[in-house]
Each structure stands twice: as C-alpha cells, then as structure tokens.
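Please treat every number below as a calculation from the coordinates, not as lab data. Given the structure is predicted, the values throughout are model-derived calculations rather than measurements. Note: ideal-geometry Cβ built from the backbone for every residue, glycine included; neighbour counts use all protein chains shown.
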Amino acid sequence: MFYREAGEFKTSYPADQQIFPIALDRLGVKIVLVFAFLVVPFIIDDYWEKSVLMPFLVWSMAALGLNILIGYCGQLSLGTGGFMAVGAYAAYKLMTAFPDLNIFFVIILAGGVTALVGILFGLPSLRIKGFYLAVATLAAQFFLVWMFNKFPWFYNHSASGQITAPERFIFGVAITGPEAPPWATYLFCLTIVVLFAFVAKNLTRSVIGRSWMAIRDMDIAAEIIGVPPLKAKLTAFAVSSFYIGVAGAMFFAVYLGAAEPTEAFGIEKSFLVLFMIIIGGLGSIVGSFIGAAFIISLPVLLKNIMVGGLGWPTDIVQHLIFMLIGGLIVFFLIVEPHGLAQLWRITKEKLRLWPFPH
Amino acid sequence: MATSELYLCAYSTLSQKQHDRDNQVMMPDSVVDDVLLSVKNISLSFGGVKALENISFDIRKGEIRAIIGPNGAGKSSMLNVINGFYHPQDGEVWFKGIRRNNLKPHQIARQGISRTFQNIALFKGMTTLDNLMTGRITRMNTNMFWQAIWYGRAERQEIEHRERIEQIIDFLKIQSIRKTPVGRLPYGLQKRVELGRALAADADLLLLDEPMAGMNIEEKEDMCRYVLDVNEQFGTTIALIEHDMGVVMDIADRVVVLDYGRKIGDGVPDEIRNNQTVIDAYLGVSHD
C-alpha cells in the first residue's frame, strides 16, 4: 500500500542501475540523512554521544569493513581488533609526527596504512580457505597487539605505554581531545561513515564487487571465467582493512581519546564485529548498520528501561541484559539465519505485494 | 522475434547443418588453415593415473566440435587442459595460431575462451543480471577509484556493457528472472543462465561441458537451438561434451571420441557412427 514498486517503470539503464532504484527507498534514505545531519547535532548531549551514537558509528564502520571481507568476498577473518589497532596507532603516529596535518586526512591516511598491513596478512588467503584462513588471521590479531606493546616507538616511549590523542581542530572546532563538543565529534564521524557507506555500496555493485562475490560463491568457476583471484582477494583485504583502520582511528582519536592495545583492541573486539555482521546480515551494507545498532544500542536501551524506567537494581539488570541479548541473538538466528537485513528484505518484498499476496 | 519464427529458424539451421556436413565429407583433410585451437600430443596424469595419453585434435573456426566418450574417458580433463585449469605434463596447446605457455585460467579467459560446467557453477547469491555481468569481466576494466564514486568511466562502462548483456538476456529469453538470485531458479533455467554467463564474454571459443545433462526432451531441444543459434548468429566456435548421442550426431560438425584417456575416433558424425572401435567402447565387447 505505502511501500511498493508497482507503477515504477524504468525506461533507461541508468535509471535501473541507480544506487536506490525504488523511489520510496530514496525518500527514506534522504529523511534519515537529513535527520542525522540537521536534527541530531542540535539535540545531542554528552550521554547520547558517549554511550550510543559514537560507538554505533565507530562499530558500523568496522562492521562495514569486515562485511566486505567476509560477507562479500567470503574470506573469513578474525583479525579485526588487530587491524583497528593498526589504524589507531597509525593515527597516533601521524598526529604526533605531523601536528599540522588535518585530522580528517590523518584518519584517512591511517586507513591507508591499515590497508597495506591488511594486504600483507591477506596473502595467506591465496593458499588457504575458510576456517584455516580464520586461524591465519588470528595470528595477525595476536601479533599486531603484541607488536604495539613490545616496541616503545609506537607509543612514543610514553611511561604508561598508552597512546593519548592530542587536541586537533577542524574549522576552529575541537574534534579530538577532552574539550571536543559532542555535536562536533558526532558530525565528524557521521560524515566519514556516511561517505564510506556510499563508497562501499558503489564498490559492491560494480566490477570489483561482482568479482568479490564471484570468488565467494564459486572461486574456481570465477577464475575460469576470468576473475583474477589474486586481485579480487587482495583488494577485498585492502578495502576491508581500510575501513577497519578508519574505524580504529576514530575509535581511538575521537571516541576514546586514549587507548592501550591489549584493552582496547583485544580478540573480543574481533568477535564483537563478527557477531554484528552475522546478526545484521552477511553481504549487506545496511546489515552492517543494523548489526552494529543491535549489539551497541540494545544493552543501553534495556538498561535505561529497566534501571531508569522500572527502578530495578543495576546489578540484576546487568545480568538480565546478558541473558536477554543472548536469547535475542539465538532467537533471531533461528528465525532468520541470514541476519536482520534478510528479515528487512523479506518484509520489503512482502510489502511490495501487500495487501494482495500474488 | 515471434517465438514460432525462432523455432522455424532453428529447424532450418538444423537442416542447413545436415546439408553442410554432407558436403564436408568431400573436403580434403589438408584444409587446416582455419584452425582456431589445436592440442598436440597432450598427456596428463595425476600421480599414477593417466587421465589423457597423447591426445591430438583441432577445432576449426566456426564449427561445433563434440567430444564424446564413456564416463571417466577424460573429456572434462580435456576441457580443463584447454582452459588452463590443468597443466598437462606433456604436449602443446595452440590457440589462434600461437603456442600457449603455462597461463593462469583467468588469463586464458581473457584470450577468448569461456565455458560452462558439468555441475552448474553459477554464483548462487547473485542475481541473473549480476552473473551475466560477471561473465563479461574480461571485457571490463576500470580503476577502483571511479567505481567507488560511481562516476565517469565506471558508470559509462556499466551502462554500455549492460546493453550487451540485455541482448543476451533477450536471446535466451530470461527477461523475467533478470533480478532473481540464481540459487532460487529451477535447474533448467540455471543451465540457461550459465550458458548466458559464458556468452557474456563474447569469446571466440565456447566450451560447453554437458549442457543438456539432466534435462527433459523439450529442454534439450531448446538448448540445442540456443547452441546452434549461438554458432550461427554470433559465429562462435563451440566445443561440447555431451552424452546424448542423438544430440551429438545432429548438431556436431565433427566428433572426437575418447576412451580411457586415449583418442579412439575423430571425424564427422557418420564416420563415428560406423566406427567399430567406438561402438565397442560404448556398448562393450562380449568376452566370449
């Protein structure tokens, strides 16, 4: 009735190949973007920034990256935490070595450095597949975290072994450092995430994205019809690591402000991102966002309802949240093993035909 | 084109083939300057198992060449050698008059060889359209930066190749499943989409590995027409493996017969039909 493509006739290939072919989708995306860019910055406060919006943006970015690698190219990786650490340390070294460099370029360059490291650790994927590759990338996770602890050069020989983000400005507004206003950090990260979400969408619907998916679905056939496996796999590792590196840089420089590798970038972070894309939906851009929102905001929401709304004791609520989240994950995976994005897709398919089922 | 018209066209193609073949018998064997691909003394073994032994034959431009033989004869191995998935221990492959060195399969695809597979090897998570567009990858190339912003060369290229893909979609009459993930399609349609993916490369040589396996008689007839039409309309040279002898004898120009990795027959269908060795290989010889 209200969501349908009936009556929309495409008369040209450009119209059929645009990024959101359905008019209502375009409208929906515009409304969300306008709200996120023009309304949220005026109502955001410190609590919302620190506990909901910033983690959501950072982890969405990491989930996008991992989804490109696992969801689109089918290469299993458990090195996410390590690659985020590379992004964070690259950002730190760039910020301290080039104090005049704009923080935006610092974050992008940090992503670039991570992409190179990602290519290096992606090399085993040319020989090994599946779970064995996951184990190989696990080596990246442990090696990178160990390296950042071991060599003082990475944390500029600071006594605590921590890295701390110095204050950096864009247009005179602090983006990093303790004085940064919530709306500025939020807008900064939002811009990067939205920009690269569109880039990811474009990549996945063009030649390079199709060769990733071909490798994922049937690698031998893909090679025989002309997809170079080396190029496809390594670009997937590079692009994915770039996203994860940018996420790591934002996580450290903008969100945390200070970080210590074992704490901030441990193996549990790798699994966290993996769970996000499995629950959100493998091979789906919007799924990365849904997964991040689910894992990040649900605990906050439940806590607010139970502690703030119902006045239950905090410790009981904490345990209840664990149980509820675990239960919901199992529930959603049973109902829809392909993730929340698939649920959303099926809803849309049903809505297109509603109220006439055939 | 109306459907009946297409059918007529296919039938006339059939009889035309028949006619050509009758003439061809007279042709001297020395006319080989139009050879597209030839394999010379190919031997391939896996450990102690000899898959192919000293096989030589050629494929001429514009013909339909059938490779037949009982199960395990080495037919699929032969195709895998031709498109570079296996590297033979011995022998040479000549394509377009040039001796080929050990290239990777994707480089060989770029030279103009495409194929379909015995067990459907489509990209199941992708739509029909995306599968066909992937088949065209050998003809597409843009740098990742333009693809990322979907602008300029990348966008133009998508549109341009989409037009060619749509012609193939029309040709195979799969318009209605354009946006359906191929994993959801029935077997017969998947086979057709796979043919489409191989066609999308606009290759010079098309290798079809049992394109009619597991099909009923109507689907087989359809597939035969598509194969013949590809050969006639696009001028594509076709090498096909098929077990249905009726089909092979009807559509092939020349047939090569393999058995236990050895070549036991090579010639036009009528010769093959009367070749005693081939008949023995297929029917078995009584041991008394």
Task: Inter-part distance where the stretch A:1-71 and the stretch B:84-128 are each reduced to a Cα centre, Å - done: 41
Task: All-pairs alpha carbon distance profile, the protein assembly as shown, 10 Å steps from 0, percent - done: 3, 14, 22, 21, 16, 12, 8, 4, 1, 0
Open item on the list: If each residue of separation counts as 0.36 nm, what is the full-extension length gain between residue A:33 and residue A:139 once their alpha-carbon separation is subtracted?
Closed with: 34.3 nm
Open item on the list: At a 10 angstrom cut-off on C-beta neighbours, averaged per residue, how do the peptides A:25-33, A:204-212 rank from highest to lowest?
Closed with: A:204-212, A:25-33
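Summarise the partner chain shielding of B:117-129 as one whole number: the mean count of Cβ atoms from other chains within 10 Å of each residue's Cβ.
So the per-residue partner count for this stretch is 4.
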TODO: Could you list the trypsin sites (Lys or Arg not before Pro) in the stretch B:179-211 that lie in coil according to DSSP, counting only those with at most 14 other Cβ atoms within 10 Å of their Cβ?
DONE: B:179
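How much length would be gained if the chain were fully extended between residue A:350 and residue A:338, taking 0.36 nm per residue of separation minus their Cα-Cα distance, in nm to one decimal?
2.6 nm is the gain from fully extending residue A:350 to residue A:338.
Normalising by the residue count of the stretch A:46-267, find the relative contact order in percent from Cα pairs under 8 Å and 6+ residues apart.
Reported relative contact order: 42 percent.
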- [ ] For residue A:149 paired with residue B:50, estimate the spin-label separation in nm (one decimal), with each label point 7 Å from Cα along the Cα-to-Cβ line.
- [x] 6.1
Task: Pair residue B:213, residue A:12: separation of 7 Å Cα→Cβ label points (nm) - done: 4.5
Open item on the list: Please give the Cα centre distance for the stretch B:152-219 versus the stretch A:194-266, rounded to the nearest Å.
Closed with: 29
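What average number of partner chain Cβ atoms lie no more than 10 Å from the Cβ of the residues making up A:202-212?
6
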Task: Over chain B: helical MRE at 222 nm, DSSP H runs n ≥ 4 each giving -39500 (n - 2.57), nearest 500 - done: -12000 deg cm²/dmol
- [ ] Can you figure out the FRET efficiency of residue A:260 with residue A:318, using R₀ = 25 Å and their beta-carbon distance, to the nearest 0.05?
- [x] 0.55
- [ ] Provide the gained length on full extension for the span residue B:90 to residue B:176, in nm with one decimal, where the gain is 0.36 nm per separating residue minus the Cα-Cα distance.
- [x] 26.3 nm
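Rounded to the nearest 500, what is chain A's calculated 222 nm mean residue ellipticity when only DSSP H runs of at least 4 contribute -39500 (n - 2.57) each, over all residues?
On the way: 16 runs with 226 residues, N = 358.
-20500 deg cm²/dmol, from helical runs alone.
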Open item on the list: Can you return the lysines within cross-link range of residue A:350? Criterion is Cα-Cα under 29 Å, with same-chain partners fewer than 8 residues away left out.
Closed with: A:10, A:30, A:201, B:124, B:173, B:179, B:191
Open item on the list: Given N residues in chain A, what is its alpha carbon radius of gyration divided by 2.2 N^0.38 Å?
Closed with: 1.02
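Would you mind getting me the FRET efficiency between residue B:244 and residue B:160? Use the beta-carbon distance for r and R0 = 25 Å, nearest 0.05. It would help to have the intermediate numbers written out before the result.
Working: r = 38 Å, r/R0 = 1.52.
Approximately 0.05, to the nearest 0.05.
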Open item on the list: Within 10 Å of each Cβ in B:130-141, how many Cβ atoms from other chains are there, averaged over the peptide?
Closed with: 5
Open item on the list: Can you give me the distance in nm between label points at residue B:104 and residue B:41, each placed 7 Å from the Cα along the Cα-to-Cβ direction?
Closed with: 3.0
TODO: Ratio to report: Rg/Rh of the stretch B:122-202, with Cα atoms as the point set and Rh obtained by the Kirkwood method; give two decimals.
DONE: 1.00
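Among the complete DSSP H segments of chain A, which ones combine at least 24 Å of alpha-carbon extent along their axis with a mean Kyte-Doolittle hydropathy of -0.5 or more?
Those that pass (Cα extent of 24 Å or more, hydropathy at least -0.5) are A:80-97, A:103-122, A:130-150, A:182-204, A:229-249, A:285-303, A:314-335.
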TODO: Please give the peptides A:149-161, B:94-106 ranked by average Cβ packing (other Cβ atoms within 10 Å per residue), highest first, as a rough proxy for protection.
DONE: B:94-106, A:149-161
